[in-house]
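Structure, as structure tokens:
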Amino acid sequence: MISLNEMKKALQEIRSSIHLTPILTSSQLDKQCGMNVFLKAEHLQKTGSFKIRGATNAVKQAFAKGARFVTAASSGNHGQAVAYVANQLGIPAVIVVPEDANRVKIAAIKAYGAEVEYCGLTSADRIPRAKQCAQENNGVYIPPYDYPAIIAGQGTVGLEILEQVTNIDVIVVPVGGGGLIGGILCAIKNIKPEIKVIGVEPETANDTFLSLQNGKITAISGTSTIADGLRTSQPGDLTFPILKEHLDELVLVTEVEIKKACQFLLERTKQLVEPSGATALAAVMSGKAGKKNDKVVVILSGGNIDLQQISSIIEN
């Protein structure tokens, strides 16, 4: 469990480098779901996702300790964030990405000045290569989720939510490696433990769901889910115990449900949110998270969508 002091310190450290993202509402969404829904708009964050929080905290800590080269393994959003922070600090970065990585995310990583290296299709492929690259260049590897500074940085989302929304019943969070939901759990359960926190995974990327069922970390093989930011092969050694002890519930959503959430956000709220970022809303809209009249906060975790994906989402 990351301490409340660590998260408050992280927020102080990163506040000048990130946006205080807004809370969005939609009367149409409330009516459709039968709840009071509040959307935490992390898709409007710098670099297009919440990942800038943990990356800023971790890279700045490494830089303060003398690091002058960093690497990361990422399907895109974490890589963009690390590349951005490294560029701001004036140090080189190499981001190891899957061979089928989102082209928009790759373009952004390169635009932030980092070198891109392709490796395999899963986090189990790219993480060892990123670590090796750091070792070869006397640098520091910045993990995507399983690292105290990352978890503390992501936990600042939870701290902000408590400042922006009162009397919350439920917070719904997408689950990949567990850094975001782990951080939010550390914040919420320290301050308002009565708030229910629900995690959401795609049905085809259900490593955390299986791990919780089995009571131990359980890996899955590669997945082709449209929610590419949630394609982890297993939860982290640090994040899983947090989820196992503190998570209230974890639900699964289908690819169609994720696409419907993306389509609703685009059509009704005029917000362009990537499938990974809309996964938590998919659970609420499908009736799998929250109950009638609940006050629900949903994390829209990212907005780095390939525009070529939009037509396939709308067609469905």
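The values are calculated or read from the model by the stated rules, or taken from the named source; none is laboratory data. None of the values given here were measured: they were computed from a predicted structure. Every residue, glycine among them, receives a Cβ derived from its backbone with ideal geometry; neighbour counts consider all protein chains shown.
As a summary of the residue check, residue 68 satisfies the conditions (1) more than 18 Å from residue 155 (Cα to Cα); (2) part of a helix (DSSP H, G or I); (3) touching a residue at least 60 places away in the same chain (Cβ under 8 Å) except for the one numbered (2). Within region 28-39, residues that are modelled with pLDDT under 95 have Cβ atoms under 8 Å from residues that are among the acidic types (Asp, Glu) in no pair, counting only partners at least 6 apart in sequence or on another chain. Please specify each residue of region 266-283 satisfying the condition of being out of contact with any strand residue (DSSP E or B) (no Cβ under 6 Å at 6 or more places or on another chain) and in contact (Cβ under 8 Å) with a residue 60 or more places away in the chain. Correct list: 268, 269, 271, 272. Only one of 157, 172, 104 is under 14 Å from the mean Cα position of the chain (by Cα), assigned to a helix (DSSP H, G or I) and not polar (S, T, N, Q); which? Selected residue: 157, the only one of 157, 172, 104 that is under 14 Å from the mean Cα position of the chain (by Cα), assigned to a helix (DSSP H, G or I) and not polar (S, T, N, Q). Just so you know, in region 39-64 the residues that are polar (S, T, N, Q) and more than 10 Å from residue 153 (Cβ to Cβ) include one that is surrounded by the most Cβ atoms within 10 Å (Cβ to Cβ), and it is 49. Flag set for residue 243, criterion: in contact (Cβ under 8 Å) with a residue 60 or more places away in the chain and within 15 Å of the chain's Cα centre (by Cα).
Scanning region 292-316 for residues that are touching a Gly at 6+ places or on another chain (Cβ under 8 Å) and of a type outside the set (Val, Ile, Thr), we see that the one that is nearest to residue 39 (Cα to Cα) is 300. Residues of region 177-202 that are assigned to a helix (DSSP H, G or I) and within 16 Å of the chain's Cα centre (by Cα): 179, 180, 181, 182, 183, 184, 185, 186, 187.
Has region 11-21 got at least one residue that is in a helix (DSSP H, G or I), of a type in the set (A, V, I, L, M), surrounded by 18 or more Cβ atoms within 10 Å (Cβ to Cβ) and within 20 Å of the chain's Cα centre (by Cα)? Among the residues of region 11-21, at least one is in a helix (DSSP H, G or I), of a type in the set (A, V, I, L, M), surrounded by 18 or more Cβ atoms within 10 Å (Cβ to Cβ) and within 20 Å of the chain's Cα centre (by Cα), which makes the answer yes.
Within region 33-47, the set of residues being out of contact with any helix residue (DSSP H, G or I) (no Cβ under 7 Å at 6 or more places or on another chain) and not aliphatic (A, V, I, L, M) comprises 34, 38.
For every residue, the table says whether it meets (1) buried (at least 24 other Cβ atoms within 10 Å of the Cβ); (2) at pLDDT 95 or above.
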residue: 240; (1), (2): no, yes
residue: 254; (1), (2): no, yes
residue: 291; (1), (2): no, yes
residue: 300; (1), (2): yes, yes
residue: 305; (1), (2): yes, no
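Just one of the listed residues (56, 47) is within 17 Å of residue 143 (Cα to Cα) and either part of a helix (DSSP H, G or I) or without any contact (Cβ under 8 Å) to a residue 12 or more places away in the chain (or both), namely 56. Here residue 294 passes the criteria (1) charged (D, E, K, R); (2) free of Cβ contacts under 8 Å to residues at least 60 places away in the same chain; (3) more than 18 Å from residue 226 (Cα to Cα) except the one numbered (2). Taking every residue in region 193-218 that is under 16 Å from residue 284 (Cα atoms) and pairing it with any residue that is modelled with pLDDT of 95 or more and small (Gly, Ala, Ser), at least 6 positions away or on another chain, the pairs with Cβ-Cβ distances below 6 Å are 198/289; 200/280; 200/283.
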